[in-house]
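The values are calculated or read from the model by the stated rules, or taken from the named source; none is laboratory data. All values reported here derive from a predicted model rather than from experimental measurement. A quick note on method: Cβ atoms are made from the backbone with ideal geometry, for glycine too, and the neighbour counts reach across all protein chains shown. Protein only, heavy atoms only, side chains kept; ligands, DNA and RNA dropped before computing areas. Shrake-Rupley method; radii C 1.70, N 1.55, O 1.52, S 1.80 Å.
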Amino acid sequence: MNIMEMMGSNAGLYLAFLGSAIAAGLAGAGSAMGVGIVGMAAGGVITEDPSKFGRTLVLQALPGTQGIYGLLIGFLIWSKVGVFGTFVNVTFEQGLMLLAAGIPVGIVGFFSAIYQGKAAATGCSIVAKRPEETAKAMVYAAMVETYAVLSLLASFLMLNSINL
Amino acid sequence: MAIVNMKKATIIALQDEKESLVKSFQAFGGLHVISIEDIDDEELKNIPKDDAREDATRFEGLLSQVKYSLDFLSKYDKTKKSMFAPKAIITESEHKEYLQDLNKAEEVYNQCKAINEKLAENRNMETKLSNTLVQLSPWSQLDIPLEEIGDTDYTISLIGFIPSKSISEFEESLSKSETEHYFKKIDDNNESAFYFIVFYEQSEDTILDILKQFGWTKVNFTDLAGTPSDNIKDIEEKLILLEKNKAELIEQAEALLFNNSYLEALFDVLTIEKDRKDVISNFVKTDKSFTIFAWVPETMVKELEESIKKVTDSYLLTFEDPGEGEDYPVYLDNPKLVQPVEMITEQYSLPNPRTVDPNKIMAPFYIMFFGMMVSDAVYGIILAALTYVALKKFRLEGGAKKLIGLLCLGGLSTILWGALFGGWFGGLIQIKPLWFNPTDEPLMMLIFCLVLGIIQLFIGMGIKAYVDIKNGNVLDAIFDQGLWYVFLIGLLLMIFNPAGKYLAIAGAVGLILTQGRDKKGIFNKLFSGVLSLYDVTGFLGDVLSYSRLFALGLATGVIGTVINEMSLMLRGSFIGNIFMIIFLIFGHTFNIAINVLGAYVHSSRLQYVEFFGKFFDGDGMPYRPFKVNTKYIEQKN
């Protein structure tokens with residue numbers, strides 16, 4: 001008995017779920033770590049000067065977007081296979097394609113969120129010492145996000161080409 | 001011209017009229033005084049400077065005292081200040097009165113400082129006592145005075161604790177050991193068990209070994225006497241006393257609050273005086289006259305002369321254009337609609353005065369990109385309405401005003417792009433897009449974004465060429481930008497028509513021949529030329545970076561849809577409907593916040609990295625005119 005027989009006629013659907021789990025799960029995990037890293041640095045800044053809460057909060061929000069991008073792709077996969085209504089028939093090949101579409105945003109989201117978190121954490125020390133330069137700290141963090149945005153685009157374009 | 005031309009003014013007038021002239025300069029509010037240290041003139045170095053620095057330092061000291069008092073008292077001020085409250089008005093004579101009576105400020109400062117120090121001392125005592133209290137609390141059942149624990153002639157007594165999990169084993173091994181001892185468990189709080197132990201000196205080693213084996217931590221209360229419960233009672237009483245003491249101190253601070261309006265006015269009066277002294281310290285001084293150098297915007301030259309004339313007839317005023325290579329302060333003058341965008345440039349760096357102010361050209365792009373990235377008409381309406389109200393109702397100044405203005409313009413742009421792309425509250429309101437729906441036609445949207453990018457990048461190169469030509473480097477403009485235009489346009493044409501190839505090749509050959517023109521030797525020249533073609537990948541990267549316009553717009557729309565669908569799942573019963581509405585409000589508020597932040601950051605990034613990268617020359621010195629700078633009061637003559 002081979003794997004395909006084991007999974008039966010729902011093989012495509014399983015793969016689609018795996019794809020959405022990678023997209024939403026990995027990107028979300030990365031964001032959680034990234035946001036946490038910035039939070040730790042921001043906490044240090046706040047002990048010195050509580051009035052900088054707003055600025056550090058903005059920095060902390062930046063690595064949070066990857067999780068949103070991942071959820072977005074996950075959601076598009078779910079609505080494609082009919083999680084919110086009735087399930088549609090997904091072939092094994094289509095399932096593989098949906099799985100592949102979830103991978104870019106999942107993997108790039110995971111790593112970019114962590115590194116964006118680190119960049120933003122350094123940004124917190126800019127906020128502590130030279131609050132007037134907060135915008136520059138934000139741009140450094142946003143440079144990392146570029147790749148998350150590109151992976152979102154990649155995932156979306158792949159997903160968009162799949163017709164069920 | 002968006003960067004205002006500056007004239008260098010030299011003013012010579014009489015010492016006797018120094019004070020009143022400085023006052024009129026401050027009221028005029030347009031002089032950017034040149035620091036005397038920055039003037040590179042051998043002759044000037046030998047002429048004495050005015051010695052106002054000492055006065056300025058004295059005012060600075062006073063100012064920091066007043067600020068300390070204000071900050072300290074603000075912690076205890078419970079009255080809320082309205083944002084619309086008019087500023088107190090201070091007349092000329094009142095201004096003088098404030099300056100005559102500076103002792104009061106020092107008195108208040110000393111009082112504030114004394115209270116603050118006592119409060120800090122109080123706080124330290126409190127922490128110390130509460131710490132001891134925490135350490136003592138497990139021993140409350142021990143009825144032996146603490147000073148009696150320790151060594152006697154024949155015995156040793158100890159108190160300490162072990163981890164709770166090994167209580168039974170610990171007691172067993174103590175009982176089994178062949179020593180004479182006594183132990184008692186005083187307390188047990190799931191984590192640690194607290195013991196009192198007495199034993200003979202000769203069995204010390206055996207007992208200590210057992211203690212060590214079970215992770216014994218010895219406890220010492222060296223500076224305490226009496227039983228633990230007596231001590232606890234004593235500390236609790238002391239803490240109540242400290243609390244009372246603290247309340248009294250706070251009351252004392254609150255009793256000083258009536259000084260607030262005096263301190264605020266004094267703060268501004270002192271700032272005004274300090275600024276004057278700062279300016280005077282940059283005067284060049286002779287017996288009877290003084291000289292000051294300052295930048296003044298070209299448009300204000302006449303006004304300056306008139307303001308001096310009002311004070312005196314004996315003066316000498318000359319204007320010069322900035323010399324070759326001399327940097328002058330950058331003052332940006334843009335139409336009201338463009339002003340908010342200045343903030344974006346200022347956060348990057350002010351432009352070099354000899355280049356151009358990018359704001360006017362950047363503004364439409366920035367606002368457009370912002371709108372495309374949020375791209376939901378309802379979000380746009382909310383954002384524009386909120387910021388418009390804030391602009392009209394609050395008295396905003398400087399950066400805050402620019403930021404709110406920027407968000408307002410962004411909101412308007414969002415309405416437009418939301419309508420064009422058919423984004424209305426994440427699809428909750430179904431309105432056909434005026435143009436096309438990017439989610440349905442992603443390729444078209446992607447191409448549109450990249451085309452916008454190419455347009456902005458070409459404009460950036462055009463600005464660089466313009467600056468080069470303006471500064472007389474026509475050849476640089478032709479070689480660096482002109483040939484790149486030819487090459488890139490050729491490459492782009494190739495998409496539609498193979499004939500574009502010839503244009504591209506012509507451009508490439510031109511670039512190979514010219515890009516190495518600074519290098520020595522024919523081989524180096526050609527090598528650098530060929531290498532420069534590699535920059536085309538940089539251009540490609542820059543263009544692709546604009547695809548974020550699509551991706552971020554997509555994110556807003558899809559997240560909005562997710563929120564809607566999840567909320568609608570709750571629909572049905574009465575309570576369900578209420579939850580649905582709450583969920584919708586929270587969800588969309590979150591979506592607006594995160595996407596506005598994203599749009600702001602990424603739209604800025606496109607300007608900084610892609611657009612400015614093509615031409616921008618920063619490091620401009622900001623224009624800081626000498627003027628009346630007040631926070632709390634308004635001055636009246």
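Assorted remarks:
- Condition met for residue A:51 (within 14 Å of chain B (Cβ to nearest Cβ), assigned to a helix (DSSP H, G or I) and open to solvent by 50 Å² or more (accessible area, probe 1.4 Å)): yes
- Just one residue in the set B:543, B:558 is within 7 Å of another protein chain (Cβ to nearest Cβ) and among the β-branched types (Val, Ile, Thr); that residue is B:558.
- Here residue A:108 meets each of (1) more than 17 Å from the chain's Cα centre (by Cα); (2) in a helix (DSSP H, G or I) with one exception, condition (1).
- Residue check for residue B:28: within 30 Å of residue B:354 (Cα to Cα), in contact (Cβ under 8 Å) with a residue 60 or more places away in the chain and aromatic (Phe, Trp, Tyr): yes
- Where strands (runs of 3 or more DSSP E) fall entirely within the range B:137-210, those with at least 1 residues that are among the polar types (S, T, N, Q) are at B:155-163, B:192-200.
- From the list B:241, B:270, the lone residue that is on the phi < 0 side of the Ramachandran plot and in contact with a helix residue (DSSP H, G or I) (Cβ under 7 Å, 6 or more places away or on another chain) is B:270.
- Members of the range B:209-239 that are open to solvent by less than 70 Å² (accessible area, probe 1.4 Å), farther than 17 Å from residue B:133 by Cα and not small (Gly, Ala, Ser): B:210, B:211, B:214, B:216, B:217
- Out of B:433, B:438, one residue alone is within 14 Å of chain A (Cβ to nearest Cβ) and either hydroxyl-bearing (Ser, Thr, Tyr) or in a loop (DSSP other than H, G, I, E, B) (or both). It is B:438.
- Unmet criterion (only one of (1) under 23 Å from residue A:31 (Cα atoms); (2) within 14 Å of chain B (Cβ to nearest Cβ); (3) out of contact with any Asp or Glu (no Cβ under 7 Å at 6 or more places or on another chain)) for residue A:106: (2)
- Looking only at residues of the range B:310-355 that are open to solvent by 70 Å² or more (accessible area, probe 1.4 Å) and aliphatic (A, V, I, L, M), we find that the one that is farthest from the other protein chains (Cβ to nearest Cβ) is B:316.
- Of all residues in the range A:70-93 being away from every other protein chain (no Cβ under 14 Å) and crowded, with 21+ Cβ neighbours inside 10 Å, the one that is farthest from residue B:565 (Cα to Cα): A:90
- The set of residues in the range B:568-595 being under 37 Å from the mean Cα position of the chain (by Cα) and within 11 Å of another protein chain (Cβ to nearest Cβ) consists of B:590, B:591, B:593, B:594, B:595.
- Selected residue (only one of B:281, B:289, B:375, B:307 is at positive phi and open to solvent by less than 50 Å² (accessible area, probe 1.4 Å)): B:375
- Filter result for residue B:507 (away from every other protein chain (no Cβ under 14 Å), among the small types (Gly, Ala, Ser) and touching a Lys or Arg at 6+ places or on another chain (Cβ under 6 Å)): no
- Identity of the residue in the range A:145-160, more than 7 Å from chain B (Cβ to nearest Cβ) and in contact (Cβ under 8 Å) with a residue 60 or more places away in the chain, that ends up nearest to residue B:612 (Cα to Cα): A:145
- Qualifying residues in the range B:596-637 (those that are part of a helix (DSSP H, G or I) and away from every other protein chain (no Cβ under 12 Å)) - the one surrounded by the fewest Cβ atoms within 10 Å (Cβ to Cβ): B:613
- Being at the interface with chain B (Cβ under 10 Å from one of its Cβ atoms) and over 23 Å from residue B:346 (Cα atoms) is not true of residue A:141.
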